[in-house]
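Taking it in order: structure first as structure tokens, then the write-up.
The values are calculated or read from the model by the stated rules, or taken from the named source; none is laboratory data. Given the structure is predicted, the values throughout are model-derived calculations rather than measurements. Here the Cβ is made from the backbone with ideal geometry for all residues, glycine too, and neighbour counts use every protein chain on show.
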Amino acid sequence: MTSPTEQTAEQHTVLERDGDVAIIRLNRPDRLNAFTHQMGEELIAVFDETDADDSVRAVVITGTGRAFCAGADLGGGATTFELEQQEPGEVPRDMGGQVTLRIFESLKPVVMAVNGAAAGVGVTMTLPADVRIASDDAKFGFVFAQRGLVPEAASTWFLPKLVGLPTALQWTMGAKMVPVAEAHERGLVQQVVPKDEVLSTAIATAREMTSTTAPVSVALTRQLLWRMAGAPSPWDAHRADSKAIYYRGTMADVAEGVTSFLEKRPATFTDRVSTDLPDIF
């Protein structure tokens, strides 16, 4: 694994590389990686960077230290959630939601390496990831109602799709701190491993999704599955995947994929996400 990229003391995230996997670390260990507006802006900027870099095949997010993310930084006290209006009468957008929507739009697979407690936005930011790997001491706090808030970060869309509506209602209305075993049983977490294996397992999982697959096909597949999760009819999926099949059928990757199969050799895909991704939506 490479060393973290150069950063200033003021940055709240660190970007590292392990070959073709980008690793984003939430990096406020003295505050249990509590979420700030700045952290949100940095996460959005990093996903812009990973999407534009064809040498990145997947993204892993983890926390520095003993926690993943303790939720919003409450250091501002009672006024923490009093957001300023940019324009009179305009409701400010929730920064957690801006982050989750940016992860949702990622052109690369996203794996969460949840290395400890994740509460509030610390858990809702994990929901648009494709896989969540958790440490055996992790716990997930849907504590919004205990703070007088409501679930944010578009979690009312994501969470029921992952764990079902009854579980989502129980966890959020009860402001439950969910132990990792229950999170795994209900489908929020796909795998539980010892704490010192979380990151390596997440990286290996990311490579399982990318090592033999075409980058453009992975980007399109990710978007098709996520977007069609909310489609009102299978006809919407049929229209979208028909476009994808049509455009991909004319591109170099498909010819290479078929030829390599017939020749019984690994494929070498050349279409690039940054330049060759068809617009099917």
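One line per residue, one yes/no per condition, for (1) modelled with pLDDT of 95 or more; (2) part of a loop (DSSP other than H, G, I, E, B); (3) of a type outside the set (A, V, I, L, M); (4) in contact with a strand residue (DSSP E or B) (Cβ under 8 Å, 6 or more places away or on another chain):
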position: Glu182; (1), (2), (3), (4): yes, no, yes, no
position: Glu185; (1), (2), (3), (4): yes, no, yes, no
position: Thr201; (1), (2), (3), (4): yes, no, yes, yes
position: Ala206; (1), (2), (3), (4): yes, no, no, yes
position: Ser211; (1), (2), (3), (4): yes, yes, yes, no
position: Val216; (1), (2), (3), (4): yes, no, no, no
position: Leu224; (1), (2), (3), (4): yes, no, no, no
Within region 65-88, considering residues that are surrounded by 15 or more Cβ atoms within 10 Å (Cβ to Cβ), touching a strand residue (DSSP E or B) at 6+ places or on another chain (Cβ under 8 Å) and assigned to a loop (DSSP other than H, G, I, E, B), the one modelled with the lowest pLDDT: Asp73
Return the residue satisfying two criteria in turn: it lies in region 153-171 and is under 16 Å from the mean Cα position of the chain (by Cα) and in a loop (DSSP other than H, G, I, E, B), and of such residues it is surrounded by the most Cβ atoms within 10 Å (Cβ to Cβ). Ala153
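Kindly indicate whether any position in region 54-64 is modelled with pLDDT under 95 and surrounded by 10 or more Cβ atoms within 10 Å (Cβ to Cβ). If you could, list the steps in order and put the result at the bottom.
Residues of region 54-64 modelled with pLDDT under 95: none.
The answer is no; no qualifying residue exists.
Mind listing just one residue for me: the one in region 109-152 that is assigned to a loop (DSSP other than H, G, I, E, B) and among the small types (Gly, Ala, Ser) and, of those, nearest to Asp51 (Cα to Cα)? Lay out the reasoning, then the answer.
If we filter region 109-152 for residues that are assigned to a loop (DSSP other than H, G, I, E, B), which is where we start, we get 109, 115-117, 120, 125-130, 136-138, 142-143, 148-152.
Pick out the ones that are also among the small types (Gly, Ala, Ser) and you get 116-117, 120, 129, 138, 148.
On the way: Gly116: 27, Ala117: 28, Gly120: 26, Ala129: 15, Ala138: 29, Gly148: 36 Å.
The qualifying residue nearest to Asp51 (Cα to Cα) is Ala129.
Is it true that Lys195 is in the same structural domain as Ala129 (by TED's automatic domain parsing) and modelled with pLDDT under 95?
Working: in the same structural domain as Ala129 (by TED's automatic domain parsing): yes; modelled with pLDDT under 95: no.
So Lys195 does not fit the description; no.
Being of a type in the set (Ser, Thr, Tyr), without any contact (Cβ under 8 Å) to a residue 40 or more places away in the chain, assigned to a loop (DSSP other than H, G, I, E, B) and more than 21 Å from Glu105 (Cβ to Cβ), is that true of even one residue in region 228-242?
Within region 228-242, the subset of a type in the set (Ser, Thr, Tyr) is 233, 242.
Among the residues that remain, those that are also without any contact (Cβ under 8 Å) to a residue 40 or more places away in the chain are: 233, 242.
Now restrict to residues that are assigned to a loop (DSSP other than H, G, I, E, B): 233.
Those left that are additionally more than 21 Å from Glu105 (Cβ to Cβ): 233.
Yes: one or more hits.
Quick one: is Thr50 part of a helix (DSSP H, G or I), modelled with pLDDT of 95 or more and on the phi < 0 side of the Ramachandran plot? Can you show your working first?
Details: part of a helix (DSSP H, G or I): yes; modelled with pLDDT of 95 or more: yes; on the phi < 0 side of the Ramachandran plot: yes.
So Thr50 fits the description; yes.
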